[in-house]
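Peer 1: First the structure, then my questions, so here it is.
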Amino acid sequence: MKLVARFGLAAGCLAILILPASGVDLIVKSCMVAPGDTALLPVSVRTISSKALWGIDFALFVDKDAGSTGEAYAQFPIRGQAFTPAVSPKSKDFQGIFRKGFMAPKEGCGKPDLYVCMVNYGGFADNVLLGDLSIEVSEDAPRGKVIDIAVRDFTTTLFSETNPPKPYCSVVRPGASAALAVNVKETGAESAPVDYCDRIPADLQPFGKGRCIAVPLHKVAFGTPGDVNADGRISSIDIAIITSILSGLRADSTDYELIAADVAPGDIKGKDGSSSNCGDGWITKADADLIKKMAAQPSALSSVGKH
Ligand SMILES: [Ca+2]
Ligand SMILES: [Ca+2]
């Protein structure tokens, strides 16, 4: 099998990843969000192939952890808006985003909280932003906690043409699947393996930024960007922690610490204007510098990224 070597520096070490020459990386960035606010998680893909990505679908499951009232700490909005596509469909294209329509799961499978399907005739651009996931976080979500957005296999059901439609065939679907075009014609698409990335692939590491620590992907952390120890304020303690992360002295950093420390290059505002945050998926000196600014001037984060 033809193999492609991908090189990069991760956690200060030379990492050489050997991956199949064909496939798709599915990248869902993590986000820090205050309790009671809405998190926006950018979803992007890139094709590890010279062939164009034609279509992709994936089923998402949110951790069901809940507070004393029984309300889940994090969930997709009830009415639409759980996924906002960033790719405009052409006449033949298809975009489907479902929260319902799945039958009781088969053994070993679950019922997804959200299913996203996108087909783009002629292919997507490479390294394309597909859209943004919206996730509502409850008021009683505890600061410092992290929940996961998983991609897993699921059961779906096909319906007959009767009125009302009757389910007639239950199908187990892979958690994520993709189709690559063999050529530019509308025939010959082939299925491709999807890697739901836990970290941004090392070869996408920003160049010339010095030491880079990869931040966990597809997670929502409850708290304030830059408040690395989740004590409700940004202080010298947070500066000390990110300094130790960057120096390699804190190898056992938690997911929360890493997501909270990834503040640069700037913020992404929530739909309601609240301060949500998605860093670039890497902790570098720029993050330490910005946290130092934030400790001295709490508005430093919101002033970055506006230009
Ligand atoms: Ca703090
Ligand atoms: Ca960063």
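Peer 1: So I234 fits all but one of (1) among the aliphatic types (A, V, I, L, M); (2) within 16 Å of ligand 1 (Cβ to nearest atom); (3) not in a loop (DSSP other than H, G, I, E, B); what number is the exception?
Peer 2: (3)
For every residue, the table says whether it meets (1) more than 15 Å from A59 (Cβ to Cβ); (2) out of contact with any Ser or Thr (no Cβ under 9 Å at 6 or more places or on another chain); (3) buried (at least 18 other Cβ atoms within 10 Å of the Cβ).
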site: M118; (1), (2), (3): no, yes, yes
site: D126; (1), (2), (3): yes, no, no
site: L130; (1), (2), (3): no, no, yes
site: E161; (1), (2), (3): yes, yes, no
site: A176; (1), (2), (3): no, yes, yes
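Peer 1: Also: Working carefully through the options A264, A260, find the one that is near ligand 1 (Cβ under 9 Å from one of its atoms) and under 14 Å from V215 (Cα atoms).
Peer 2: Only one candidate passes the filter, namely A260.
Peer 1: Still on this structure, please answer the following. Can you tell me how many residues within the stretch 40-69 are more than 25 Å from R173 (Cβ to Cβ) and within 11 Å of the chain's Cα centre (by Cα)?
Peer 2: Final tally of qualifying residues: 1.
Peer 1: Does the stretch 161-181 hold any residues that are closer than 27 Å to N120 by Cα, more than 26 Å from the chain's Cα centre (by Cα) and in a loop (DSSP other than H, G, I, E, B), and which are they?
Peer 2: Scanning the stretch 161-181 gives a single hit, E161.
Peer 1: Yes or no: S68 part of a loop (DSSP other than H, G, I, E, B), surrounded by fewer than 16 Cβ atoms within 10 Å (Cβ to Cβ) and not hydrophobic (A, V, I, L, M, F, W, C)?
Peer 2: Yes.
Peer 1: Okay, next question. Within the stretch 206-258, how many residues turn out to be touching a residue at least 60 places away in the same chain (Cβ under 8 Å), among the basic types (K, R) and over 18 Å from S30 (Cβ atoms)?
Peer 2: The qualifying residues number 2.
Peer 1: Ok, one more. Taking L301 and the conditions (1) part of a helix (DSSP H, G or I); (2) modelled with pLDDT of 90 or more; (3) touching a helix residue (DSSP H, G or I) at 6+ places or on another chain (Cβ under 6 Å), which numbered condition does it fall short on, given that it satisfies the others?
Peer 2: Among (1) part of a helix (DSSP H, G or I); (2) modelled with pLDDT of 90 or more; (3) touching a helix residue (DSSP H, G or I) at 6+ places or on another chain (Cβ under 6 Å), L301 violates only (2).
The values are calculated or read from the model by the stated rules, or taken from the named source; none is laboratory data. Keep in mind that this is a model prediction, so the values were computed, not measured. FYI the Cβ positions are ideal-geometry reconstructions off the backbone, even for glycines, and counts take in every protein chain you see.
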